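Just so it is clear, none of the values below were taken in a lab; they were calculated from the coordinates. Keep in mind the model is a prediction, meaning the values are calculated, not measured. All Cβ positions, even for glycine, are placed from backbone atoms using ideal geometry, and neighbour counts span all protein chains on display.
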Amino acid sequence: MKKLKLSVVVPSFNQAEFIDETLACLFNQHDVGRDELEVIVIDGGSTDNSVEIIKRYADRLAYWVSEPDRGQTHALSKGFALATGDVFSWLCSDDLLEPWTVREVLDFFTNRPEVQFIYGDARWIDREGRIVKLKKEIPFNWYIWIYDHNYIPQPAAFWRRQTYEEAGGLDEAFDVAMDGDLWPRMAQLSHPHHVSRLWARMRLYPEQKNQRMRAKSNLQDREVRERLGISFRSRSRVRFCYLTAKGLRVGWKFATGCYW
């Protein structure tokens, strides 16, 4: 049986505080051969000591560059255009994968050739890496995803190259909610499959991009939902749908033990 290869793109800009740990977690994956994991770092021209850190991993990176770009989504698109793997994902330079993640993801895709897009569970960690809370999730449900929020944990999401290409790749118009834009386009091609395994640790701190740019992220999330046919003209209807979706999600998570 052919060995699959996972391509992980790491976008970064002035993340010297975290990028060493992020790259180390990729190169310390359990039972993963060098021909099974491809790591591509796209740095946006950092002015801290990120480049010095990246250079320490240069012999293990498939490709790296440090140059000005048009933002995170552009950096990711550049990386995926160079990727040669069968499976894609990205890992922000302040997030982490668990040591067993790559092996389990590759084995899952090998054993389930019909599945195109998967996501696992995650843990929120603080700046120092201490666990803040769990992010165990439920299976993908269109109604809940559209009316509640994008609950797929980005660093714990993996998909086949073919699905990414058929979906049209990332859209540079979305520089914060680029995952929330990509997921439904891929989900329309192949229903996302949830795997109840902890696969990632997501960093939560005030300077984290989605925290700093929460208002813009919300606007882009709304744009995605409008494109999917949701009208926000009737506030009462949207509110009703939101509360219904939230109730379904909370009840589902409680019933399946996601909160502990």
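Points worth noting:
- Degrees separating the helix 101-111 axis from the principal Cα axis of the chain, which is the longest one: 70
- Cross-link pairs beyond the 32 Å C-alpha cut-off, checked among Lys216/Lys246; Lys3/Lys216; Lys3/Lys246: Lys3/Lys216; Lys3/Lys246
- Only one item in (i) 56, 44, 37; (ii) 67, 41, 33; (iii) 49, 45, 41 matches Cα extents along the principal axes in Å derived from the coordinates shown, and that item is (i).
- For region 21-111, applying the loop criterion from DSSP together with a ceiling of 10 other beta carbons within 10 Å to the trypsin sites (Lys or Arg not before Pro) yields Arg34.
- Dipole magnitude (debye, nearest 20) for region 116-194, charges at Cβ of Lys, Arg, Asp, Glu: 440
- For region 156-164, 3J(HN,Hα) computed residue by residue from phi via the Karplus equation (6.51, -1.76, 1.60; θ = phi - 60°) reads 9, 10, 9, 8, 6, 3, 4, 5, 4 Hz, glycine and proline entered as x.
- Dipole orientation for region 1-128: of the candidates Ile40, Asn28, Trp124, Ile40 has the Cα lying most toward the positive pole (charges on Cβ; Lys, Arg +1; Asp, Glu -1).
- Angle between the chain longest axis and helix 235-255 axis [Cα atoms, degrees, rounded to 10]: 60
- DSSP beta bridge pairing in the chain, given as percent antiparallel to the nearest 5: 35
- Within region 30-170, percent of DSSP bridges classed antiparallel, to nearest 5: 70
- Partners for Lys2 among aspartates and glutamates (Cα-Cα distance below 17 Å; same-chain residues under 8 apart left out): Asp31, Asp35, Glu36, Glu38, Asp86, Glu104, Asp107, Glu114
- Magnitude of the charge dipole, the chain, Cβ model with Lys/Arg +1 and Asp/Glu -1, debye to 20: 1200
- Rounded tilt (10° steps) of 72-82 against the dominant C-alpha axis of the chain: 60
- With the charge dipole of region 119-258 set up from +1 on Lys and Arg Cβ and -1 on Asp and Glu Cβ about the Cα centre, the Cα lying farthest toward the positive end among the listed residues Thr163, Pro192, Pro139 is that of Pro139.
- For region 20-74: relative contact order, % (alpha-carbon pairs under 8 angstrom, 6 or more apart): 41
- With a Förster radius of 35 Å applied to the C-beta separation of Phe27 and His191, the computed FRET efficiency comes to 0.60.
- In a fully extended conformation the segment linking Asp59 and Lys246 would gain 62.6 nm over its present Cα-Cα distance, using 0.36 nm per residue.
- Checked against a 26 Å cut-off, the cross-linked pairs Lys133/Lys253; Lys55/Lys78; Lys5/Lys253; Lys5/Lys133; Lys5/Lys55 give Cα-Cα distances beyond that limit for Lys5/Lys253; Lys5/Lys133.
- Dividing the summed -39500 (n - 2.57) terms of all DSSP H runs of n ≥ 4 by the residue count of the chain sets its mean residue ellipticity at 222 nm at -11000 deg cm²/dmol.
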